[in-house]
Amino acid sequence: MRAILAIVLLLGIVNASEQFKMGEKIYKETCLSCHGADGNGNPHVSFIVNPRKLTQTILTQEQAYKIIKNGAHAMGAAADIMPSFKSVLNEEELHAVAHYIYKKFDPKAQERIDELYAKSDAIAQEQVEQMLKHGKKIYNRNCSWCHAVNGDGNGEATKNPEMSIFPYNLVKSLLDEKQMFLYAKHGGKYWGTRKEDMPAWGNKYDDYTLKSVVKYINVQLKGEAK
Amino acid sequence: MKKIIVAGLILSSALFGAEHVIDQKGKTFIPHAITVAVGDTLVFKNSDPFAHNAFTDNAANEFDTGMQAPGNDISIKVKAAGVFNVECAIHPNMLLTVTAK
């Protein structure tokens, strides 16, 4: 029985190692030109594409796989810069490159996210109705200028051609409530963007307010978009 | 003649209030604190290449500029005495403290 278990474990390690090698090969051939050898972006192209730093991700490996497969635009990004690779890579290759990126550049991402969230104020579930009301007020005042009242990312602020801001379509976002709260609290730069388009709202609002806004986005806006 | 002009300026200032320019530049209110008289006007400029939205929730002086495009000026009259904060709805680190006497 022990021998069988050892063989199963060994096979798992070999498979993970094979997947890592496959992902590494694809990354070097396909992703490195924008994201750089260290995952922090190729400095020679960063003035054009500004890729996110893969070393400071908020995504899970599964979410990274979905973005590589479908492209960032399909997942809510305004600019169509991170393309879809589903016509170039098969399922095995898509999973392999997501695995490689996650293990190579930010293996402790989930740990970091869980730790940060554990430090935030816990909110009782029975407060949901109050949170939705409060979240709507704050969302409409502070977030809708960029993300729009319906969350589709086409807010008033995007209509000024001088502004060059590219807010996310929140109703298409892959982020769950925990991730979205942490993103809003610490801002885009903390999570790997190069510009400070998405500010750190934790400097202004408490956890209850930010969790209320996220609740409003997830329950109300995503609900209306379905 | 000079005396008449000076007197006229003082009189018009007393009648219409003074203007105080508040620039919004580098996601900061410049200056970030100001003392004014009731009846004075705050002129919000936007020298950033993106929009701002100054507002205050202070009941006696409540205002909201709405979306202010780059290069636009918006004037707000100070209605009541007191100390109040002005924020930007888009940029959470912007804060202006107005003391109205």
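Would you confirm whether or not segment A:104-116 contains a residue that is part of a loop (DSSP other than H, G, I, E, B), more than 14 Å from chain B (Cβ to nearest Cβ) and touching a Gly at 6+ places or on another chain (Cβ under 9 Å)?
The first filter runs over segment A:104-116 and keeps only residues part of a loop (DSSP other than H, G, I, E, B), leaving A:106-108.
With more than 14 Å from chain B (Cβ to nearest Cβ) added as a condition, the list becomes A:106-108.
Cutting the leftovers down to touching a Gly at 6+ places or on another chain (Cβ under 9 Å) gives us A:106.
The answer is yes; a qualifying residue exists.
Only one of these conditions is not met by A:Lys159: (1) touching a residue at least 60 places away in the same chain (Cβ under 8 Å); (2) within 14 Å of chain B (Cβ to nearest Cβ); (3) of a type outside the set (S, T, N, Q). Which number is it?
So the condition that A:Lys159 fails would be (1).
Please go through (1) free of Cβ contacts under 8 Å to residues at least 40 places away in the same chain; (2) within 14 Å of chain B (Cβ to nearest Cβ) for A:Tyr139 and return the number of the only condition it doesn't satisfy.
Unmet for A:Tyr139, out of (1) free of Cβ contacts under 8 Å to residues at least 40 places away in the same chain; (2) within 14 Å of chain B (Cβ to nearest Cβ): (1).
Hey, any hits in segment A:68-89 for a residue that's among the β-branched types (Val, Ile, Thr), in contact (Cβ under 8 Å) with a residue 24 or more places away in the chain and not in a helix (DSSP H, G or I)?
Yes, some residue in segment A:68-89 is among the β-branched types (Val, Ile, Thr), in contact (Cβ under 8 Å) with a residue 24 or more places away in the chain and not in a helix (DSSP H, G or I).
Can you confirm whether A:Phe166 is under 25 Å from A:Lys69 (Cβ atoms) and within 14 Å of chain B (Cβ to nearest Cβ)?
Yes; evaluated as a whole, the condition is true for this residue.
For segment A:117-132, state whether one or more residues are within 14 Å of chain B (Cβ to nearest Cβ) and crowded, with 19+ Cβ neighbours inside 10 Å.
Within segment A:117-132, the subset within 14 Å of chain B (Cβ to nearest Cβ) is none.
No, there is no match, as no residue in segment A:117-132 is within 14 Å of chain B (Cβ to nearest Cβ) and crowded, with 19+ Cβ neighbours inside 10 Å.
Which of the numbered conditions does A:Val149 fail, given that it passes all the others? Conditions: (1) closer than 19 Å to B:Lys27 by Cβ; (2) in a loop (DSSP other than H, G, I, E, B); (3) within 14 Å of another protein chain (Cβ to nearest Cβ).
(1)
What are the residue pairs meeting all of these: first residue in segment A:21-48, first residue of a type in the set (Lys, Arg), second residue part of a loop (DSSP other than H, G, I, E, B), Cβ atoms under 9 Å, and 6 or more apart or on different chains?
A:Lys28/A:Ala37
Confirm whether A:Tyr216 is among the aromatic types (Phe, Trp, Tyr), surrounded by 19 or more Cβ atoms within 10 Å (Cβ to Cβ) and closer than 15 Å to A:Ala77 by Cα.
no
Filter segment A:191-207 down to residues that are buried (at least 16 other Cβ atoms within 10 Å of the Cβ) and part of a helix (DSSP H, G or I), then give me how many there are.
Of the residues in that region, 4 qualify.
I'd like the full set of residues that are within 13 Å of chain A (Cβ to nearest Cβ) and of a type in the set (D, E, K, R), limited to segment B:67-101. Outline the logic, then answer.
Kept after step one, since they are within 13 Å of chain A (Cβ to nearest Cβ), are these residues of segment B:67-101: B:67-72, B:85, B:87-95.
Listed by number, the list holds a single entry, B:Glu87.
From the list A:Asn90, A:Asn50, A:Asn70, exactly one residue is on the phi > 0 side of the Ramachandran plot and more than 13 Å from the chain's Cα centre (by Cα). Which is it? Before you say what the answer is, go through the steps one by one.
Numbers: A:Asn90 fails: on the phi > 0 side of the Ramachandran plot; A:Asn70 fails: on the phi > 0 side of the Ramachandran plot.
Matching residue, one of A:Asn90, A:Asn50, A:Asn70: A:Asn50.
Rule-based calculations on the coordinates, nothing more; no lab input. Keep in mind that what you see is a predicted model, and the values were worked out from it rather than measured. Neighbour counts are summed over all protein chains in view; Cβ atoms, including those assigned to glycine, are modelled from backbone coordinates with ideal geometry.
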